[in-house]
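Colleague: Submitted below is the structure of interest, expressed as structure tokens.
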Amino acid sequence: CISPFYYKDRVREAIIRFKFSGAQSYSRRFGTFMADCAENNLDCGSIDMVSCIPLTRKRLRSRGYNQAELLAREISAAAGIPFADTLKKTRGNSVQSKIKDRKKRAANVIGAYEVIDPGLIRGRTVLLVDDVVTTGSTMSECARMLRRAGAACIYGISIARHED
């Protein structure tokens, strides 16, 4: 999993505006940075599709958009790699950012995601997009589900990650 930034200072403030204050237009700039990061750190020619971490329907309705999907679509357009919805959130779980313990975060997301169409990803390489990676629990669980459904390889990318 790669990220162009650390989750701190102005980057953190911008991500919070992007997620919680309706600043959807930030996806263009963030997506450009992420696409450049992918191009410089991954073999993008081997990536078959760009996908994202899904939200629950309730969270999607309240926010009005999935920030990870906006980012994934920007990366898809910049890199010329098709976007595909590969996962759905099958159950609501506690908000990860409110859980500080690494093991509890990992346990919180187990079974929360499901692959939509295993045939779409079988044997393919997927670039999985999220906004922030803290412990990697959400990204890991989603990658595990994609791998279990037959994905050949999963790369992860986020705008930012924690330094530790």
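Colleague: Which of the chymotrypsin sites (Phe, Trp or Tyr not before Pro) found in the range 1-89 are loop residues per DSSP with 15 or fewer other Cβ atoms within 10 Å of their Cβ? The partial results should precede the final answer.
Modeller: Numbers: sites: 5, 6, 7, 18, 20, 26, 30, 33, 65, 83; in loops: 7, 65.
Answer in residue order: 65.
Colleague: Only four residue types carry charge here, +1 at the Cβ of Lys and Arg and -1 at the Cβ of Asp and Glu. Report the dipole size of the chain about the Cα centre in Debye, rounded to the nearest 20.
Modeller: On the way: 28 positive and 17 negative charges, 190 e Å.
Using Cβ point charges on Lys, Arg, Asp and Glu, the chain gives about 920 debye.
Colleague: Any idea which of 82, 62, 115 is furthest toward the positive side of the dipole for the chain, if Lys and Arg beta-carbons carry +1 and Asp and Glu beta-carbons -1?
Modeller: 62
Colleague: Taking a ≥ b ≥ c as the square roots of the eigenvalues of the Cα gyration tensor of the range 50-91, is the shape rounded (a/c under 1.5), prolate (a/b larger than b/c) or oblate?
Modeller: On the way: a/c = 4.13, a/b = 1.82, b/c = 2.27.
In terms of gyration-tensor shape, oblate.
Colleague: Okay, next question. Can you give me the distance in nm between label points at residue 162 and residue 1, each placed 7 Å from the Cα along the Cα-to-Cβ direction?
Modeller: In this crude spin-label approximation the distance works out to 1.1 nm.
Colleague: At 1.4 Å probe size, with the rest of the protein present, what percent of the exposed accessible area of the chain is carbon and sulfur atoms? Walk me through the numbers before you get to the answer.
Modeller: Details: 4050 of 8790 Å².
In the chain, the share of accessible area belonging to carbon and sulfur is 46 percent.
Colleague: What's the tally of Lys pairs in the chain whose alpha-carbon atoms lie under 21 angstrom apart, where the two lysines are 8 or more places apart or on different chains?
Modeller: The result is 14.
Colleague: Just to confirm, what accessible area per residue do you get for the chain at 1.4 Å probe, in whole Å²?
Modeller: Working: 8790 Å² over 164 residues.
Roughly 54 Å² per residue, with all protein chains present.
Colleague: If you don't mind, another one. Compute the distance from the alpha-carbon center of the range 110-136 to that of the range 2-44, in whole Å.
Modeller: For the range 110-136 versus the range 2-44, the Cα centre distance is 19 Å.
Colleague: What trypsin sites (Lys or Arg not before Pro) in the range 1-66 are in a loop by DSSP, with at most 11 other Cβ atoms within 10 Å of the Cβ? If you can, show how the numbers build up before the last one.
Modeller: Values: sites: 8, 10, 12, 17, 19, 28, 29, 57, 58, 59, 61, 63; in loops: 8.
For trypsin sites (Lys or Arg not before Pro) across the range 1-66 that sit outside H, G, I, E and B with at most 11 neighbouring Cβ atoms in 10 Å, the list reads 8.
The values are calculated or read from the model by the stated rules, or taken from the named source; none is laboratory data. Fair warning: this is a prediction, and the values are worked out from it, not measured in the lab. Reconstructed Cβ throughout: ideal geometry from the backbone, glycine too, with neighbour counts over all protein chains shown. Note: accessible area is taken over every heavy atom of the protein model, side chains too, but ligands, DNA and RNA are not part of it. Shrake-Rupley method; radii C 1.70, N 1.55, O 1.52, S 1.80 Å.
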